[in-house]
Amino acid sequence: MRDLVSDPPPARLGGLLDLVPGRVHEFCGPARRVLAAWVMGGLAAGAPVIWIRPGWSAEHLHPQGLADWASPEGLITLTPRREAAALGCAEEALRSGAVALVVVELAAPAALTPLRRLHLAAGTGLARRQSGAASGPLWGCVLTPEQGGTPGVESRWHLAPCAAQGEAVQPAWRLARLRARMAPPAAWHISADLQARALAVE
């Protein structure tokens, strides 16, 4: 298995998503799944990723739809029927240290106690990766609707589609860092080719 790249993912975002490894981060907003795909894009091809989605949701995650931003070969999707089971799966996956990224979609922000358990599991998993054969960083991401609000996360990011700059008809997004332990709030306009331009924070 190839080692994960050590540079902050993804490269075209200029290191904006420099997520602290061994911790859990929150992605919220209508384009939160795109943001998770960008993080996947910073991993080596085939790097193991576990993506946990609600088993009761009518929506489905199609690996081919991620191909523009990330390599889907190492993607494993789980669809537990209860949210408590989803959090439990995420905790065990993080603790194992066998994967590079664990994404768990939630219908609402998680409570502080399960979030703390995820942090502890991510720290244990990162230590196992650093001392074992599966080297490289490890991240946990919780995906929540609207403005998020999971207490105790290492950082909180919001992504939403917006109008492209200029006359080009292309996808574009507004990325906002709403909260981070070591960085202030900030916002950027992200173009279709993942070039970032800083925006004033509202």
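Residues of region 182-202 that are loosely packed, with under 15 Cβ neighbours inside 10 Å, part of a loop (DSSP other than H, G, I, E, B) and free of Cβ contacts under 8 Å to residues at least 40 places away in the same chain: 183, 184, 185, 192, 200, 201, 202. Which residues, counting only those in region 153-173, are modelled with pLDDT under 95 and either closer than 19 Å to residue 37 by Cα or of a type in the set (S, T, N, Q) (or both)? Passing the criteria: 161, 162, 165, 170, 171, 172, 173.
Residues considered: 93, 121, 164, 84. Of these, the only one that is outside any loop (DSSP other than H, G, I, E, B) and more than 27 Å from residue 58 (Cα to Cα) is 121.
For region 84-91, the count of residues that are among the charged types (D, E, K, R), free of Cβ contacts under 8 Å to residues at least 40 places away in the same chain and surrounded by fewer than 19 Cβ atoms within 10 Å (Cβ to Cβ) is zero.
Is it true that some residue in region 64-71 is farther than 29 Å from residue 172 by Cβ and either outside any strand (DSSP E or B) or within 15 Å of the chain's Cα centre (by Cα) (or both)? Within region 64-71, none of the residues are farther than 29 Å from residue 172 by Cβ and either outside any strand (DSSP E or B) or within 15 Å of the chain's Cα centre (by Cα) (or both).
For beta carbons closer than 9 Å, sequence separation of 6+ or different chains, a first residue in region 101-112 that is farther than 17 Å from residue 47 by Cα and in a loop (DSSP other than H, G, I, E, B) and a second that is at pLDDT 95 or above and acidic (Asp, Glu), the qualifying pairs are 109/26; 110/26. Number of residues in region 52-73 that are buried (at least 18 other Cβ atoms within 10 Å of the Cβ) and out of contact with any helix residue (DSSP H, G or I) (no Cβ under 9 Å at 6 or more places or on another chain) equals 0. Hey, any hits in region 146-156 for a residue that's polar (S, T, N, Q), in contact (Cβ under 8 Å) with a residue 12 or more places away in the chain and surrounded by 16 or more Cβ atoms within 10 Å (Cβ to Cβ)? Looking for residues that are polar (S, T, N, Q), in contact (Cβ under 8 Å) with a residue 12 or more places away in the chain and surrounded by 16 or more Cβ atoms within 10 Å (Cβ to Cβ), one finds at least one in region 146-156, hence yes.
Determine whether residue 96 is closer than 20 Å to residue 27 by Cα, among the hydroxyl-bearing types (Ser, Thr, Tyr) and buried (at least 16 other Cβ atoms within 10 Å of the Cβ). So residue 96 fails the test. Just wondering, is there one or more residues in region 40-53 that are free of Cβ contacts under 8 Å to residues at least 40 places away in the same chain and either within 15 Å of residue 144 (Cβ to Cβ) or basic (Lys, Arg) (or both)? There is no residue in region 40-53 that is free of Cβ contacts under 8 Å to residues at least 40 places away in the same chain and either within 15 Å of residue 144 (Cβ to Cβ) or basic (Lys, Arg) (or both). Which condition number does residue 142 fail, the rest of (1) surrounded by 18 or more Cβ atoms within 10 Å (Cβ to Cβ); (2) part of a loop (DSSP other than H, G, I, E, B); (3) of a type outside the set (Ser, Thr, Tyr) being met? Of (1) surrounded by 18 or more Cβ atoms within 10 Å (Cβ to Cβ); (2) part of a loop (DSSP other than H, G, I, E, B); (3) of a type outside the set (Ser, Thr, Tyr), only one is false for residue 142: (2). Being in a loop (DSSP other than H, G, I, E, B), touching a residue at least 60 places away in the same chain (Cβ under 8 Å), farther than 17 Å from residue 50 by Cβ and more than 13 Å from the chain's Cα centre (by Cα) is the requirement here; does residue 136 meet it? For residue 136, the condition - in a loop (DSSP other than H, G, I, E, B), touching a residue at least 60 places away in the same chain (Cβ under 8 Å), farther than 17 Å from residue 50 by Cβ and more than 13 Å from the chain's Cα centre (by Cα) - is not met.
The values are calculated or read from the model by the stated rules, or taken from the named source; none is laboratory data. This one's a predicted model, so the numbers in the text were calculated from it and none came from an experiment. Neighbour counts run over all protein chains shown; Cβ positions are idealised from the backbone, glycine included.
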